[in-house]
Amino acid sequence: VPMGVLSCMKYLMFIFNVLVFAGGTCLAGLGVWVAVDPAGFQDIVATKAVLSAGAYLLLAVGIALALLGFLGCCGALRRSRPLLLV
């Protein structure tokens, strides 16, 4: 396999993992906002327990995606197969 192809794949994997990290960070931020904001979402969340649980679910999924994206970025830069398999 030519070296240029491997270098291109390395950067494409890094960019994809940065997008996953950014999406996870946005989801986690949205989960915190829904769980904490007393004026905006708290009126809706207080009336329905499912929406309150959904806020914490958004937070958990966002943190998990951000962690996976970060580990993927580290794995792509270091060409570490175990980090990329996570």
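The values are calculated or read from the model by the stated rules, or taken from the named source; none is laboratory data. Keep in mind it's a predicted model, so treat the numbers as computed, not measured. Reconstructed Cβ throughout: ideal geometry from the backbone, glycine too, with neighbour counts over all protein chains shown. Side chains are part of the model used for accessible areas, which takes the heavy atoms of the whole protein and leaves out ligands, DNA and RNA. Shrake-Rupley method; radii C 1.70, N 1.55, O 1.52, S 1.80 Å.
Brief remarks on what is shown
- The one condition in (1) modelled with pLDDT of 90 or more; (2) touching a Gly at 6+ places or on another chain (Cβ under 7 Å) that residue 84 fails to fulfil: (1)
- Any hit, the range 72-80, residues being at pLDDT 80 or above and on the phi > 0 side of the Ramachandran plot: yes
- Pairs with Cβ under 7 Å, 6+ apart, first in the range 1-29 and more than 18 Å from residue 83 (Cα to Cα), second open to solvent by 70 Å² or more (accessible area, probe 1.4 Å) and aliphatic (A, V, I, L, M): 28/63
- Some residue of the range 28-41 being assigned to a helix (DSSP H, G or I) and modelled with pLDDT of 90 or more: yes
- Within the range 63-86, restricting attention to residues that are open to solvent by 30 Å² or more (accessible area, probe 1.4 Å) and within 8 Å of the chain's Cα centre (by Cα), the residue that is farthest from residue 6 (Cα to Cα) is 63.
- Residue in the range 54-62 that is open to solvent by 60 Å² or more (accessible area, probe 1.4 Å), modelled with pLDDT of 90 or more, of a type in the set (A, V, I, L, M) and under 18 Å from residue 86 (Cβ atoms) present: yes
- Hits in the range 5-31 - residues which are within 20 Å of residue 74 (Cα to Cα) and of a type outside the set (A, V, I, L, M, F, W, C): 7, 10, 11, 17, 23, 24, 25
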